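Heads up, the thing below is written out as structure tokens.
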Amino acid sequence: MGVAGSFPGFTGSPPGPVLDREEADRALARLGAEHEAIETSLLALQDHAGRRLLEGAELTGVTRERWATTERSITLLWAYFDAYAGALAEAREIRARRRHPNREDLLALTELLRGEAVTVANAGAVPPPPAAGPARLSERFSLQELVARMNELYARSLDMVVASDAVWSALPARIDLLAAELHRTRSLAHSVGVRPGEHPAGDDLVAITEELTTLRAQVVSDPLAFWLPGPGSAAPGGGRPDTSRYDRAARALEDVRREIEAVLSVRQDAEARLARLRDVLSRADRTLSEARAARGEVLAKIAASEVPAVSGPPTALQERLAAASDHRRRARWHRLSPLLEALEQEAEEELLRARESLTSVTAPLAVRAELRGRLDAYKAKAARHGLAEDLVLIERYDAARRMLWSAPCDLRAAEQAVLRYQHAVADALTPHRSEGPEDRWGAGGQGERR
């Protein structure tokens with residue numbers, strides 16, 4: 001939140017030759033600017049929103065452990081800063097004694113500015129990473145070493161604060177928005193009968209509710225458990241919040257919402273869909289009735305023909321349709337939805353089977369009608385060519401007609417009779433040599449080939 005990543009580095013030279021007046025003044029000016037920058041950074045860290053939240057939160061897990069370490073680091077930071085400020089004040093006091101400092105003053109300034117002249121009490125705070133050996137009551141630093149130590153502690157402390165604040169800024173608000181959407185979806189689900197134990201979507205809503213409640217409590221108490229550090233990033237706060245659990249809950253809720261919308265659409269057009277189902281099943285029933293009647297007619301009028309059996313009315317589908325109507329009356333939309341989808345498909349299949357059955361049953365009648373039509377068409381053709389009084393054609397026509405209009409009709413014999421008449425008409429329309437009727441038609445009809 002506007003806090004620098006590190007303090008300005010100390011740029012003084014290591015202990016060596018005694019500083020002259022100009023060198024001492026330049027070093028003090030740098031130290032003064034450095035002091036202001038360090039103080040600004042520490043105050044910004046002190047006022048950071050994430051730090052204030054960490055102080056007031058009931059933390060658990062890795063966040064509680066790291067915050068305990070960070071609190072000690074911040075305490076030590078201020079101790080280091082006080083020691084640094086004290087050394088600067090002492091150096092300024094020595095420099096202010098005389099306009100032209102003597103050698104004793106310059107020696108003291110050189111020791112303060114370049115030597116290990118700063119002593120800090122070890123209050124049990126976080127030791128430096130390579131610390132080894134027994135703990136010491138105090139530590140001595142040069143100003144350069146002190147700034148390096150403060151940079152290290154500050155970066156670790158800021159990283160922890162920024163990461164926690166980033167998680168708290170990203171996840172709880174999103175979880176709350178998703179929880180509000182969950183509440184609306186749950187109310188809608190209840191209105192259409194989608195309840196736990198009665199519909200899978202109702203059970204899913206319970207699971208999502210429990211997950212969001214648990215997730216929010218964990219995010220608030222242990223934000224660092226939901227932080228993914230950036231690969232190779234050394235900057236404080238380098239990384240991003242881990243939203244994988246939130247994303248899974250959001251996707252699960254979206255799936256449930258689509259399921260509820262499907263149930264809602266059923267409620268809105270249930271009556272129209274039920275009416276269409278009744279119509280389809282009624283047409284299937286009427287078609288089967290026609291097929292049964294046609295079968296009886298075929299058996300009576302067509303001889304030597306295999307007529308397939310016709311199934312009974314779709315009583316099972318009618319019973320399920322009655323169950324669907326009962327679901328609608330009782331507002332059991334979640335049960336009506338899958339039942340309607342299955343019934344619509346099965347009803348169309350039943351109508352198709354009924355039509356196929358009618359077509360199969362009436363096929364012999366269709367063949368007879370085609371033969372009748374062909375016979376009359378060739379008779380009309382013969383009449384147009386002046387052959388209406390041809391005795392042979394009249395005889396052949398009458399024979400075929402008797403077969404086609406008699407009951408039961410032998411379709412095979414009738415087809416042969418129609419073919420003989422058809423061939424006779426074709427022969428009559430073909431020019432012939434002068435020959436007798438016997439030679440024209442043949443004694444046994446041997447020229448009549450299909």
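The values are calculated or read from the model by the stated rules, or taken from the named source; none is laboratory data. Remember, predicted model here, so these are calculated numbers, not experimental data. Because the Cβ atoms are built from the backbone with ideal geometry, glycine has one as well, and the counts that use them run over all protein chains shown. For accessibility, only protein heavy atoms count, side chains too; no ligands or nucleic acids. Shrake-Rupley method; radii C 1.70, N 1.55, O 1.52, S 1.80 Å.
Which of the following values of Kirkwood radius over Cα pairs in Å was calculated from the structure shown: [x] 33.0; [y] 22.0; [z] 23.1?
Answer by label: [x].
How much length, in nm to one decimal, is gained on full extension between Ser191 and Thr119, taken as 0.36 nm per residue of separation minus their Cα-Cα distance?
Gain in length upon complete extension: 18.6 nm.
Determine the distance separating the Cα centre of the stretch 332-369 from the Cα centre of the stretch 25-91; give it in Å without decimals.
The stretch 332-369 and the stretch 25-91 have Cα centres spaced 82 Å from each other.
Just the accessible area per residue of the chain, please: how many Å² with a 1.4 Å probe?
Computed with neighbouring chains in place, this is 55 Å² per residue.
For the stretch 257-282 and the stretch 160-218, write down the distance between their C-alpha centroids in whole Å.
Taking the Cα centre of the stretch 160-218 as reference, the centre of the stretch 257-282 is 30 Å away.
Put +1 on the Cβ of each Lys and Arg and -1 on the Cβ of each Asp and Glu in the stretch 14-80; which of Leu28, Ala68, His48 then has its Cα farthest toward the positive end of the dipole?
Looking along the dipole axis, the top candidate is Ala68.
Considering only protein heavy atoms and a probe of 1.4 Å, how much of the accessible area of the chain is carbon and sulfur, as a whole percent?
Carbon plus sulfur share of accessible area: 52 percent.
May I ask for the angle, rounded to the nearest 10°, between helix 61-95 and the longest principal axis of the chain, with both axes built from Cα atoms and the value confined to 0 to 90°?
30 degrees
In terms of solvent-accessible area of protein heavy atoms at a 1.4 angstrom probe, what is the ranking of Tyr154, Tyr378, highest value first?
Result of the area sort, largest leading: Tyr378, Tyr154.
Using Cα-Cα distances under 8 Å and only pairs 6 or more residues apart, what relative contact order does the chain have, in percent?
13 percent
Could you put Arg372, Arg72 in order of accessible surface area, largest first, with the 1.4 Å probe and the full protein assembly present? Intermediate results must be reported in sequence, preceding the final value.
Details: Arg372 55, Arg72 105 Å².
Solvent-accessible surface, decreasing: Arg72, Arg372.
With a 1.4 Å probe and every protein chain left in place, tell me how much accessible area Ser142 has, in Å² to the nearest 10.
For Ser142, the solvent-accessible surface is approximately 10 Å².
Calculated from DSSP H runs of 4 or more alone, at -39500 (n - 2.57) each and per residue, what is the 222 nm mean residue ellipticity of the chain, nearest 500? Spell out each step's value before the answer.
Working: 13 runs with 314 residues, N = 450.
Computed mean residue ellipticity for the chain: -24500 deg cm²/dmol.
Rounding to the nearest 20 debye, state how big the charge dipole of the stretch 145-202 is about its Cα centre with +1 on each Lys and Arg Cβ and -1 on each Asp and Glu Cβ. Provide the component values of the computation, followed by the final result.
On the way: 6 positive and 7 negative charges, 64 e Å.
Here the stretch 145-202 has a charge dipole of around 300 debye.
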